[in-house]
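The structure appears below as structure tokens.
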Amino acid sequence: MSIKLSKEEILKIANLSRLDLTDKEIDNFRDSISEIINYISIINEVDIAGIDNFFQVNDSSNILREDSENKATDFELDPSNFIDTDESYIKVKKVL
Amino acid sequence: MNIAELKKNIKDKKISPSEILDIYFKKAYVVNKDTNCFISITEDYTRKRLQNSKIESELSFIPGVIKDNINIKGTITTAGSRILENYKSPYTATVVEKLGNFSLIGKGNLDAFAFGSSTENSGFGVTKNPLDTSKVPGGSSGGVAAAVVSGVSLFGIGTDTGGSVRQPASFCGLVGLKPTYGLCSRFGLIAMGSSFDVPGIIATNVSDTALVLNSIAGFDKKDSTSINIEKKDYTKLKDDSKLKVGILKMPKDGVSTEIAKAFDDSVKLFSKLNIDLVEIDFKYISYSLAIYYILVPAEISANMSRYDGIRFGFHPDKNFESISDFYKDARSKFEDEVKRRVMIGTYTLSQGYYDAYYNKATQIRNLIKNEFKEVFKDIDFLISPTTPTLPFNIGEKTKDPLSMYLSDLFTVPANLVGYPAISIPNKKIDNLYSGLQIMGRPFEEDRLLSLSYLIENQLWK
């Protein structure tokens with residue numbers, strides 16, 4: 001069964017992704033994303049009953065450090081990376 | 001010229017560090033004009049940095065190129081995207097720190113945020129394959145590979161999430177190594193798929209690759225997925241006897257006849273070397289690409305959420321009525337492929353689809369991991385072609401993203417399971433290069449490189 005995403009579905013995903021799309025982009029992404037979703041749907045054939053999820057290849061978890069004062073990184077804030085700064089603040093545009 | 005030769009010339013004072021910079025920067029501007037391999041050429045930065053510098057590390061003064069999604073303080077790091085066009089790195093990636101005072105020639109072009117297999121998705125123009133400028137150099141580390149094959153750098157550091165080091169290395173006739181996940185720090189790499197990403201090496205031969213790995217490998221507390229294991233000297237060749245090598249059973253379709261033939265020749269070579277060979281038919285490996293293109297876009301959609309117009313890169317310079325409109329305006333700077341992958345990831349993670357796609361893909365990833373563990377109990381290495389086709393034409397696959405994704409067929413499994421894999425150049429076919437991929441057991445890069453050294457010398461006999 002072949003899936004073709006509707007224009008509304010594309011707009012919904014775009015909104016969740018915080019993306020504004022032009023009409024041309026909507027058409028383009030409808031085609032290409034539908035094709036890709038159809039391709040990845042081959043995983044439906046696989047029986048995964050009782051199989052655990054797997055997220056990390058090195059089986060490591062909860063890497064903790066001593067709770068002591070230390071400098072995390074040699075990080076230097078470059079004011080020119082932001083619209084505007086004011087001493088220790090980053091100034092942003094008004095959203096109202 | 002390779003790294004060992006240049007090192008000797010520096011030591012014997014046949015060439016001075018400033019002469020190296022003069023020669024390589026001069027060449028960099030010319031090569032960049034023809035191929036667009038660099039997003040920035042870092043002459044001012046490097047000359048200043050190496051002033052009064054002495055030989056202090058394995059790679060002192062050796063010219064290198066770093067993919068532009070790796071942070072180096074004092075340079076602009078764009079990740080190949082217009083949204084980070086003027087982003088100044090606030091710190092330096094651990095792998096770059098570890099290289100010491102090498103000569104940074106430039107920051108290599110890439111598909112925006114490393115999303116691609118041809119370097120055509122860059123916000124800063126396509127990189128051409130220096131060996132045939134009508135062809136792509138591969139990707140996403142295409143700029144790095146193009147710079148190394150053009151001789152403007154003797155090595156390069158890229159990133160490999162699904163083949164982005166091995167595939168461009170194969171398209172440019174170079175060696176490309178994707179180390180085991182956790183061997184080399186990811187700190188300072190701009191994240192794509194965090195459970196897949198690793199920094200990798202592109203060089204002209206196996207010995208140089210081993211030398212660079214000696215520098216960049218090692219535990220880093222700044223990367224919580226970094227693994228603390230005993231340090232090895234990768235330049236020391238291991239004499240492995242009684243090797244057993246698995247040959248990946250070729251899929252029914254998708255592999256070109258030229259590649260199938262080149263791979264047959266490699267297999268013959270292994271049998272000539274009296275290496276035990278066995279064909280391996282995985283049950284689940286055929287799902288690798290599908291689960292890769294579910295899990296990686298899912299991780300991408302989360303990782304890309306930080307580009308909000310406030311913290312990094314481009315800032316909309318006007319007032320908006322809603323914060324959502326502000327975000328959307330900033331994110332309009334994303335290239336098409338970035339938007340596409342964020343949307344695929346958002347879709348497969350969204351309500352109603354999470355179980356069918358993301359959740360299920362993590363379970364199949366488990367099946368594949370277990371299958372690899374089982375198979376590698378019996379074999380030491382697994383060989384396959386690096387890519388299913390020869391280098392393709394610029395523009396050939398840009399209209400069809402799925403066909404572009406399929407070019408990662410042989411490279412993604414190593415990232416799904418975190419195993420190390422290397423691509424070694426085959427002899428040219430129709431004047432174009434392809435690669436032989438060898439995959440090894442986790443953290444056995446020393447054995448992988450030793451076998452690669454042996455094969456490299458045989459392949460070119």
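Some values worked out for this structure:
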read-out: Residue list for region B:350-360, filter: assigned to a helix (DSSP H, G or I), within 9 Å of chain A (Cβ to nearest Cβ) and surrounded by fewer than 24 Cβ atoms within 10 Å (Cβ to Cβ); value: B:Ala356, B:Asn359, B:Lys360
read-out: Pick from region A:1-20, criterion open to solvent by 70 Å² or more (accessible area, probe 1.4 Å) and more than 11 Å from chain B (Cβ to nearest Cβ), ranking: farthest from B:Lys328 (Cα to Cα); value: A:Met1
read-out: Residue that is farthest from B:Ile285 (Cα to Cα), among those in region A:21-41 that are facing chain B (nearest Cβ under 9 Å) and open to solvent by 50 Å² or more (accessible area, probe 1.4 Å); value: A:Asn28
read-out: Residue satisfying all of: in region B:176-203; of a type in the set (Val, Ile, Thr) and over 11 Å from the mean Cα position of the chain (by Cα); nearest to B:Glu445 (Cα to Cα) among these; value: B:Thr180
read-out: Within region B:373-387, tally of residues that are in contact (Cβ under 8 Å) with a residue 60 or more places away in the chain and more than 24 Å from B:Ile259 (Cα to Cα); value: 3
read-out: Every residue from region B:121-145 that is open to solvent by 10 Å² or more (accessible area, probe 1.4 Å) and either of a type outside the set (Gly, Ala, Ser) or on the phi < 0 side of the Ramachandran plot (or both); value: B:Asn121, B:Ser122, B:Gly123, B:Phe124, B:Val126, B:Lys128, B:Pro130, B:Leu131, B:Asp132, B:Thr133, B:Ser134, B:Lys135
read-out: Residues within region B:13-71 that are more than 22 Å from B:Leu131 (Cβ to Cβ), out of contact with any Gly (no Cβ under 8 Å at 6 or more places or on another chain) and outside any helix (DSSP H, G or I), tallied; value: 12
read-out: Residue satisfying condition, being assigned to a helix (DSSP H, G or I) and more than 9 Å from chain A (Cβ to nearest Cβ), within set B:Lys373, B:Lys397, B:Lys333; value: B:Lys373
read-out: Members of region B:314-330 that are in a helix (DSSP H, G or I), more than 7 Å from every other protein chain (Cβ to nearest Cβ) and either in contact (Cβ under 8 Å) with a residue 40 or more places away in the chain or in contact with a Phe, Trp or Tyr (Cβ under 8 Å, 6 or more places away or on another chain) (or both); value: B:Asp329, B:Ala330
read-out: Yes/no for A:Leu77 being within 8 Å of chain B (Cβ to nearest Cβ), touching a helix residue (DSSP H, G or I) at 6+ places or on another chain (Cβ under 6 Å) and open to solvent by 60 Å² or more (accessible area, probe 1.4 Å); value: no
read-out: Residue satisfying condition, being open to solvent by 70 Å² or more (accessible area, probe 1.4 Å), more than 9 Å from chain B (Cβ to nearest Cβ) and over 25 Å from B:Ser305 (Cβ atoms), within set A:Asn70, A:Asn44; value: A:Asn70
read-out: Matching residues, region B:63-83, being under 15 Å from B:Lys333 (Cβ atoms) and open to solvent by less than 10 Å² (accessible area, probe 1.4 Å); value: B:Thr78, B:Ala79, B:Gly80, B:Ser81, B:Ile83
read-out: Residue in region B:88-99 that is in a helix (DSSP H, G or I), in contact with an Asp or Glu (Cβ under 8 Å, 6 or more places away or on another chain) and either at positive phi or open to solvent by 10 Å² or more (accessible area, probe 1.4 Å) (or both) present; value: yes
read-out: Test for B:Lys339: is it assigned to a helix (DSSP H, G or I), open to solvent by less than 20 Å² (accessible area, probe 1.4 Å) and within 25 Å of B:Pro401 (Cβ to Cβ); value: yes
read-out: Residue check, A:Asp52 at the interface with chain B (Cβ under 8 Å from one of its Cβ atoms), under 30 Å from B:Glu321 (Cβ atoms), open to solvent by 60 Å² or more (accessible area, probe 1.4 Å) and outside any helix (DSSP H, G or I); value: no
read-out: Members of region B:202-232 that are among the acidic types (Asp, Glu) and either open to solvent by 20 Å² or more (accessible area, probe 1.4 Å) or within 14 Å of another protein chain (Cβ to nearest Cβ) (or both); value: B:Asp220, B:Asp223, B:Glu230
read-out: Qualifying residue in region B:389-398 (condition: farther than 22 Å from B:Phe270 by Cα and surrounded by 24 or more Cβ atoms within 10 Å (Cβ to Cβ)); value: yes
read-out: Members of region B:275-284 that are free of Cβ contacts under 8 Å to residues at least 60 places away in the same chain and farther than 18 Å from B:Leu436 by Cβ; value: B:Asp281
read-out: Selection status of B:Lys283, at pLDDT below 95, open to solvent by 40 Å² or more (accessible area, probe 1.4 Å) and farther than 30 Å from B:Leu367 by Cα; value: no
read-out: Among (1) at pLDDT 95 or above; (2) open to solvent by less than 50 Å² (accessible area, probe 1.4 Å); (3) not hydrophobic (A, V, I, L, M, F, W, C) - the single one B:Thr235 does not satisfy; value: (2)
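For (1) touching a Pro at 6+ places or on another chain (Cβ under 6 Å); (2) more than 30 Å from A:Glu45 (Cβ to Cβ), each residue gets a yes or a no:
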residue	(1), (2)
B:Glu374	no, no
B:Phe381	no, no
B:Leu390	no, yes
B:Pro401	no, no
B:Leu409	yes, no
B:Phe443	no, yes
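The values are calculated or read from the model by the stated rules, or taken from the named source; none is laboratory data. Just so it is clear, the model here is predicted, and its values are computed rather than measured. Glycine gets a Cβ as well: all are built from the backbone with ideal geometry, and neighbour counts include every protein chain shown. What goes into the accessible areas is simple: the full protein's heavy atoms, side chains included, and nothing from ligands, DNA or RNA. Shrake-Rupley method; radii C 1.70, N 1.55, O 1.52, S 1.80 Å.
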